[in-house]
Amino acid sequence: MASTSTLWQPSCSIEMLKSRAELYAQVRAFFCARRVIEVETPLLSVSTATDPQLESVGASLKTGFGLEGKPYFLNTSPEFPMKRLLAAESGAIYQICKTFRNGESSRRHNPEFSMLEWYRPGFSLHQLMVEMTELISAVLEPVDITKMSYQSAFKHYLDIDPFDVDIDSLAKLARSLTDYQGPEMTRDDYLNLLLCVCIEPHLGIDDGDMLSPVFLYDYPPSQASLANVYQNDDGIEVAQRFELYIRGLELANGYFELTDVAEHGRRFDEDNHARKELGLPTIPIDQNFLAALESGLPICSGVALGLDRLLMVKENTNAIADVLAFPIDRA
């Protein structure tokens, strides 16, 4: 008997498929004009991100190289292999690829999603913001993007200094302004909660008929991930990192990249310690990546941009299923 299910059909329209194809063509033309090389790196690896906030999708392999029994992972980002190419003197590079993050399913999330990632040797973080502004203007509409420091955002929307407020006051504020009534959390967890619930919805809201994107930059060092840390003009240590918001939606995460191999190793170990404390499995360190850093990663800035979310903005929809052919419930 034939099934009456409609789940075989795409969740997006055929016109949306055409819009995605157009977007990818625009992105490729943008980088081709700037002589940035398109590259391809493995989706499957013996290592993955150690960040305790990320859960990777595991895989098992049968190979002829004596690698049986080792855990493999689908990438959460092409960052590590792309930086290996940078260390091999590739010059400026970009990649459009699929990435995978377990446990991320919602109206705005799908466990498998499309990412644009690119790296610019010799660029400062603010130079990369300029180029991202040019890309957004090329694929959406001409825009002027506002820059706001992480500290300024918390002072403006919540009247607190995120670098100075004590954790008890932070916890009290978070519980009063959000629905969270669970166990005590870390300082960064409270900051992330307040950012997500109380600040992000205000960022990049359209000014009339015009897009008004916002760059949030200079994050706390504890949220640096693999970004460089420096002392800003006010004498405060901050991570050289930015995020791009349009219509309250976070689209991109950029770093002035950390090049110190010893500091990378320390942060990986710190992440794995945090994973143990949370009862999460530890992640094997990517030795190929560390070897590449040891050989010399050029001074550079890099950014990852969610293409599904960019398409959501372009087509004015709030549901990721509207821009995907087959989201996870139809995969």
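Of all residues in region 44-87, which are over 16 Å from residue 98 (Cα atoms), polar (S, T, N, Q) and in contact (Cβ under 8 Å) with a residue 40 or more places away in the chain? If the condition is that a residue be over 16 Å from residue 98 (Cα atoms), polar (S, T, N, Q) and in contact (Cβ under 8 Å) with a residue 40 or more places away in the chain, then 47, 50 are the ones that fit.
Does region 141-159 include one or more residues that are of a type in the set (Ser, Thr, Tyr), touching a residue at least 40 places away in the same chain (Cβ under 8 Å), under 24 Å from residue 205 (Cα atoms) and out of contact with any strand residue (DSSP E or B) (no Cβ under 9 Å at 6 or more places or on another chain)? Yes: one or more hits.
Where helices (runs of 4 or more DSSP H) fall wholly inside region 216-331, the ranges with 1 or more residues that are surrounded by fewer than 18 Cβ atoms within 10 Å (Cβ to Cβ) and free of Cβ contacts under 8 Å to residues at least 60 places away in the same chain are 261-277, 287-296. As a summary of the residue check, residue 251 satisfies the conditions (1) at pLDDT 95 or above; (2) of a type outside the set (Asp, Glu); (3) more than 17 Å from residue 118 (Cα to Cα) except for the one numbered (3). Pairs meeting the criteria (first residue in region 113-131 and in contact (Cβ under 8 Å) with a residue 24 or more places away in the chain and part of a strand (DSSP E or B), second residue of a type in the set (Phe, Trp, Tyr) and surrounded by 18 or more Cβ atoms within 10 Å (Cβ to Cβ), beta carbons under 6 Å, at least 6 apart or on different chains) are 118/94. Screening 279, 265, 302, 248 for residues that are in contact with a helix residue (DSSP H, G or I) (Cβ under 8 Å, 6 or more places away or on another chain), more than 25 Å from residue 148 (Cβ to Cβ) and not polar (S, T, N, Q) leaves exactly one candidate, 265. Just one of the listed residues (99, 48) is within 19 Å of the chain's Cα centre (by Cα), part of a loop (DSSP other than H, G, I, E, B) and among the β-branched types (Val, Ile, Thr), and it is 48.
The single condition among (1) at pLDDT 95 or above; (2) closer than 22 Å to residue 53 by Cα that residue 317 does not satisfy is (2). Within region 40-72, if we keep just the residues that are farther than 21 Å from residue 109 by Cα and charged (D, E, K, R), the residue that is modelled with the highest pLDDT turns out to be 40.
The residue list 75, 110 contains one member that is farther than 25 Å from residue 34 by Cα, modelled with pLDDT of 90 or more, in contact with a helix residue (DSSP H, G or I) (Cβ under 7 Å, 6 or more places away or on another chain) and buried (at least 20 other Cβ atoms within 10 Å of the Cβ), which is 110.
Restricting region 10-38 to residues that are among the charged types (D, E, K, R) and not in a strand (DSSP E or B) leaves a set whose member that is farthest from residue 118 (Cα to Cα) is 15.
The values are calculated or read from the model by the stated rules, or taken from the named source; none is laboratory data. Everything numeric here is computed off the predicted structure, so don't read it as measured data. Positions of Cβ are generated from backbone atoms using ideal geometry, with glycine treated the same way; all protein chains shown enter the neighbour counts.
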